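Comments concern the structure below.
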Amino acid sequence: MNLFEKYGGSSFWSEFLNTWYSRVTCSDSLSNFFSRIKIEDVKTILLGILESTLISEGNYPKDVLGDIHKRMNISDSDFNIWKKIYESILNDMGISNEDSEKILTLIEGYRSCIVSIT
Ligand code: HEM
């Protein structure tokens, strides 16, 4: 059973993604990145986050993530905040420590294709 199924499938993960989106868009540091996103593109981003974290298990193509993010001037500190938000939701929604560590490790593996400034 994969992590998607283990925690209750689409209803659980859609709550997870909604919480994630509201926290990144309320974050003082990250909200600017999302300020021009159109409502119809939100679903694509949410599904992309699900795909890159849970479904591909860290094997989402790095060149694609690089193309999307490199021109956004994302710093290491932005990335750390993004990851902290993700971690806080894993905790709040009761994901086991073992599964959280696994997901956070694979997110860390994307750092080099997301971050473009120091
Ligand atoms: C500070 C960190 C990050 C910021 C500020 C950020 C910001 C954004 C923004 C603004 C978009 C929308 C782009 C657009 O439609 O023009 C986006 C798309 C996306 N992000 Fe990030 N991102 C970050 C980290 C990550 C990480 C760590 C992952 C993977 C785990 C990720 C995966 C994706 C995916 C898969 C999409 C888009 C999907 C698509 O259009 O198909 N992002 N991101």
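The values are calculated or read from the model by the stated rules, or taken from the named source; none is laboratory data. Just so you know, these numbers come straight off a predicted model, no measurement behind them. Cβ: placed from backbone, ideal geometry, glycine included. Neighbour counts: every protein chain shown.
At a glance:
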| item | result |
| --- | --- |
| Unmet requirement for ILE39, which otherwise passes all of (1) modelled with pLDDT under 95; (2) under 16 Å from ILE89 (Cα atoms) | (2) |
| Tally, over region 59-79, of residues that are surrounded by fewer than 16 Cβ atoms within 10 Å (Cβ to Cβ), within 19 Å of LYS102 (Cα to Cα) and not polar (S, T, N, Q) | 2 |
| Exclusive hit being touching a residue at least 60 places away in the same chain (Cβ under 8 Å), under 15 Å from LEU3 (Cα atoms) and not polar (S, T, N, Q), set ILE85, ILE49, ILE55, ILE95 | ILE95 |
| Pairs where the first residue, in region 104-115, is under 10 Å from LYS70 (Cβ atoms) and the second is of a type in the set (A, V, I, L, M) and surrounded by 18 or more Cβ atoms within 10 Å (Cβ to Cβ), C-beta under 6 Å, 6+ apart | ILE114/ILE74; VAL115/ILE74 |
| Any helices (runs of 4 or more DSSP H) falling wholly within region 1-95 and containing at least 2 residues that are more than 9 Å from the ligand (Cβ to nearest atom) | 3-6, 9-26, 39-50, 62-69, 76-92 |
